[in-house]
Amino acid sequence: MSAADELRVVLAGATSGVDAGRLARRYGCGSLLRAGPGTLQRMGALPALIDGLRLAREADVAAYRGGLLDRGIECATVSEPAYPERLRVLHDPPLALFWSGARPDAVDPPAPAAAIVGARKASDAGLLLAQRLAGAVAEAGGVVVSGLALGIDAAAHRGALAAGGVTVAVLGCGVDVVYPRSNRAVFEQIREAGLLVSEYPPGTRPATWRFPARNRLIAALADATVVVEARARSGALITADHALDLGRDVLAVPGTPGVASAAGTNGLLKSGAGLIENADDLCGWLGLDRPADPPPLPPGDERLLLEALREAPALPDELVERLQLPPARAAAGLTRLELAGRIARDEQGRWRTG
Amino acid sequence: MIATATSFWITGIDARRIDVEAHVESGTAPAFAVVGLADRAVQEARQRVRSGIKSASYRFPPERVTVNLAPARERKQGSGFDLAIALAILAASGQVESAAVGRVGAAAELGLDGRLRPIQGTIAIAEAAGRQGLEGLLVAPENAVEAGLAEAVPVLPAYDLYEAVQILAGQADPTPVPAAGSEPPPAGPDLRDVCGQPAARRALEIAAAGHHNLLMVGPPGSGKTMLARRLPGIMPPPSLPELLEITRIQSVAGTLNGHGRAYARPFRAPHHSASQAALVGGSSLRPGEATMAHRGVLFLDELPEFNRAALEALRLPMQDGEVLISRAAGSVRLPARSLVVAAMNPCPCGHHGDPRRECVCTEQRLASYRSRISGPLADRFDLRVAVPRSEAHGAPGETSEAVAARVLAAHELLATSPADLEPAAERLLADACDRLLLSMRARRRMQSVAATVAALDGRPAVGEDDVAEALAYRVEPR
């Protein structure tokens, strides 16, 4: 199989909006490109793909690659050595992978990689935990893989970036397409400090069927997949299924029984997934150094506040009442703890320890 | 014969002089015309003036009467010219001495029975009459107290057109102007009624002391409106010039109720369906809510539900303390130095992040709700606090009186001494800006809130704790 032919088939798939991967694996890229329309139809190709293949037959692949390079995008097909080893274990590896960003090495890192995925609409606690888990993995030198969706995915990327670590975002569209748009800031940061990857050529618009497909790449690029928060039929569970198929660890964060937003993760735990409560747990699964314990605080408002928050997340008002502190002193103490990275606040104003 | 009377019209919150000229052409067929860009209410003055003159037992000239409102290029509106038109006609038809009419100003509406009715903006009109060097200002009795507050011109209250003419002819003495009522203002709602909410109460106190705009984020029923309503009661009491400004605006807007003068800071709470013109002013150069709340509190409940353009138009008054309205009819600058207090729910259904009730908003709705508050607008709120649903049913809180005393002391301290940052405070602020990725504008905001916090504690220098507390009031309306 020649790399040029593979890239041509990928481009044909992209222009026709049809997944050409299955046919390519069965018949080979060369024969797909050489076959006439009648043969292709008998092979089961849709009319759009037949047109796309006809157009792609003469495509100048070298010039195409040159054009991509000028825009900071690289690619490798499955028969090329630059293709990530981690993807080859898939039973349906993508024909080609496109990437853009500062850390091309992040798809095949020597260090352990964790996929952190979950619901788009997540609770504040879930977002905060995703951020903390990602931060701990990144700080210990691991790689954080996720799908750059809203909610847990974005929180995981943010956590890794904030810890100055490496993160890989697997997109369901071209690596030059920001989707969802509200993630533009994270998108740019990942390009500067991590890696954006996609099996779809640059310019590909997001389509619903592409998102479940990219989940297999997320699972394959990581040594373990953590599901932070998921409903019963969440896309994050697809990622967990792929991880299971690949023989990778599947981990889940437990939620309150009976709450819809925890049904997915609790289901995973029931069927034997590893239980993740905090960053220590995750680092243990990945064989990374556990984050060092921060030094104990000297006695004072801050220590009182931290101890109260260890028991349960609380609003400033609740702390004021419980500890009988003046509101001004409570506010000042909480800010100090926040600056020291000991606590974080969700958007309801509730403080919690990490 | 031609005669001229003087009246005034209101644009923005200022009065401008109008010369009302009347021309009675003897030997022509009866007719009555008003020219000079007069609006409908002024055109209708013809009927009121004709009946008024007859009811006051004067003669309406049975000839061609032309009334001109000069300067003719400006579009005039309202019913405040009635009295001047009647006097000009009476003078032009020789029923009252022209010179006497020319010496005074007249600002009142006429009833069909000839009595004078009150109009809006009498304070501004009295000030303008004083500037024009007039010898007196004829007003309806109801407007007398208000006009007298300006202390610019002798006020001549008259019950009806007949009495007005008698006063001009020197045959009757004007009724003495009653002194402005001095009964104490009815006390507003008290902070004592707010149970719990220590953090929000503290934010309210800081807002009042340092004049910081305040944004409260919390679920429905957590008491955001209740808190906001108690803010005017703890702000430093208005000075006399401030009270006069407030009265003047309320006089123009017609919201001055009964007393003839304002006693307290205004509290305005426009509904979120308010248009841009209603919020910042605009329609016919009338003051909007931002001006009506001048020196008081402008409360915007359900902030994201407001019309986007209307909110953006509020940015300028929030920053400069005034609004500039430009319309075809001209442009005016209006004062709008109000303390803006806004409230919003954490999400459209109101239960996002609530541990006991599940939020039913979709991601898209949530995102679009939050995107309605633009960054530059959010930046103008120095204090942003979360107001959780209150669990406390405990003891009532401190009274407004106690809080107001601390606020006043802090306010005076802030006015006299510039706040210096102690080195430790400076370090903490710089460190926080690095870690929390705060912008320069946010940094200035934090610094000024910290100065207020220090002042509330009676210290002119800003310490580390003050900065730490200030940093706590920055919940993002994400």
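The values are calculated or read from the model by the stated rules, or taken from the named source; none is laboratory data. Remember, predicted model here, so these are calculated numbers, not experimental data. Neighbour counts run over all protein chains shown; Cβ positions are idealised from the backbone, glycine included.
Exactly one residue out of A:ALA122, A:ALA130, A:ALA138 is among the aliphatic types (A, V, I, L, M), free of Cβ contacts under 8 Å to residues at least 40 places away in the same chain and more than 18 Å from A:LEU171 (Cα to Cα): that is A:ALA138. Can we say A:PRO327 is surrounded by 19 or more Cβ atoms within 10 Å (Cβ to Cβ), touching a residue at least 60 places away in the same chain (Cβ under 8 Å) and within 12 Å of another protein chain (Cβ to nearest Cβ)? For A:PRO327, the condition - surrounded by 19 or more Cβ atoms within 10 Å (Cβ to Cβ), touching a residue at least 60 places away in the same chain (Cβ under 8 Å) and within 12 Å of another protein chain (Cβ to nearest Cβ) - is not met.
Within the range B:191-219, residues that are within 11 Å of another protein chain (Cβ to nearest Cβ) and in contact (Cβ under 8 Å) with a residue 60 or more places away in the chain have Cβ atoms under 7 Å from residues that are basic (Lys, Arg) and part of a helix (DSSP H, G or I) in these pairs: B:GLU205/B:ARG406; B:MET216/B:LYS224; B:GLY218/B:LYS224, counting only partners at least 6 apart in sequence or on another chain. When the range A:87-110 is filtered for residues that are among the β-branched types (Val, Ile, Thr) and surrounded by 15 or more Cβ atoms within 10 Å (Cβ to Cβ), only A:VAL107 remains. Restricted to the range A:330-345, and to residues there that are touching a strand residue (DSSP E or B) at 6+ places or on another chain (Cβ under 9 Å) and buried (at least 20 other Cβ atoms within 10 Å of the Cβ), the residue that is modelled with the lowest pLDDT is A:ARG345. Set side by side, the residues A:ALA308, A:ALA312 differ, and just one is over 27 Å from B:ARG427 (Cα atoms) and loosely packed, with under 14 Cβ neighbours inside 10 Å, which is A:ALA312. Screening B:VAL385 with (1) modelled with pLDDT under 85; (2) within 12 Å of chain A (Cβ to nearest Cβ) gives one miss only, at (1). Within the range A:249-261, the set of residues being part of a helix (DSSP H, G or I) and in contact (Cβ under 8 Å) with a residue 40 or more places away in the chain comprises A:SER261 only.
Scan the range A:262-274 and tell me whether some residue there is outside any loop (DSSP other than H, G, I, E, B) and polar (S, T, N, Q).
Yes, the range A:262-274 contains at least one residue that is outside any loop (DSSP other than H, G, I, E, B) and polar (S, T, N, Q).
Between B:ALA203, B:ALA164, the distinction of being surrounded by 16 or more Cβ atoms within 10 Å (Cβ to Cβ), in contact with a helix residue (DSSP H, G or I) (Cβ under 7 Å, 6 or more places away or on another chain), of a type in the set (Gly, Ala, Ser) and in a helix (DSSP H, G or I) belongs to B:ALA164 only. Kindly provide the set of residues from the range B:13-34 that are in contact with a Pro (Cβ under 7 Å, 6 or more places away or on another chain) and not in a strand (DSSP E or B), ordered by number. Result: B:ILE13, B:PRO30.
Scanning the range B:427-478 for residues being more than 8 Å from chain A (Cβ to nearest Cβ), assigned to a loop (DSSP other than H, G, I, E, B) and closer than 20 Å to A:GLU302 by Cα gives a total of 1. Checking B:SER273, B:SER251 one by one, the residue that is among the hydroxyl-bearing types (Ser, Thr, Tyr) and not in a loop (DSSP other than H, G, I, E, B) is B:SER251 and no other.
Among the conditions (1) of a type outside the set (Lys, Arg); (2) away from chain A (no Cβ under 12 Å); (3) in contact (Cβ under 8 Å) with a residue 60 or more places away in the chain, the only one that B:MET344 does not satisfy is (2). Restricting the search to the range A:264-315, which residues are basic (Lys, Arg) and modelled with pLDDT of 85 or more? Hits for the range A:264-315 are A:LYS270, A:ARG303, A:ARG310. Which condition number in (1) closer than 24 Å to A:ASP223 by Cβ; (2) in contact (Cβ under 8 Å) with a residue 40 or more places away in the chain is the one that A:ARG71 fails? (1) is the only condition that A:ARG71 fails. When B:ALA415, B:ALA410, B:ALA405 are screened for being under 30 Å from the mean Cα position of the chain (by Cα), more than 30 Å from A:ALA162 (Cβ to Cβ), at pLDDT 90 or above and more than 14 Å from every other protein chain (Cβ to nearest Cβ), only B:ALA405 passes.
Among the candidates A:GLY255, A:GLY264, A:GLY272, A:GLY287, the residue that is more than 12 Å from chain B (Cβ to nearest Cβ), touching a Ser or Thr at 6+ places or on another chain (Cβ under 9 Å) and under 30 Å from A:VAL89 (Cα atoms) is uniquely A:GLY264.
Each row is one residue, and each column tells you yes or no for (1) under 18 Å from A:GLY172 (Cα atoms); (2) assigned to a helix (DSSP H, G or I).
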residue: A:LEU55; (1), (2): no, yes
residue: A:GLU58; (1), (2): no, no
residue: A:LEU69; (1), (2): no, yes
residue: A:ALA76; (1), (2): yes, no
residue: A:TYR83; (1), (2): no, no
residue: A:ARG86; (1), (2): no, yes
residue: A:PRO93; (1), (2): yes, no
residue: A:TRP99; (1), (2): yes, no
residue: A:ALA111; (1), (2): no, no
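Going through (1) away from chain B (no Cβ under 14 Å); (2) farther than 22 Å from A:LEU237 by Cβ; (3) not in a helix (DSSP H, G or I) one by one, A:ASP105 falls short only on (3). Among the residues of the range B:99-110, is there at least one that is in contact with a helix residue (DSSP H, G or I) (Cβ under 7 Å, 6 or more places away or on another chain) and part of a loop (DSSP other than H, G, I, E, B)? So far as the range B:99-110 goes, yes, one or more of its residues are in contact with a helix residue (DSSP H, G or I) (Cβ under 7 Å, 6 or more places away or on another chain) and part of a loop (DSSP other than H, G, I, E, B).
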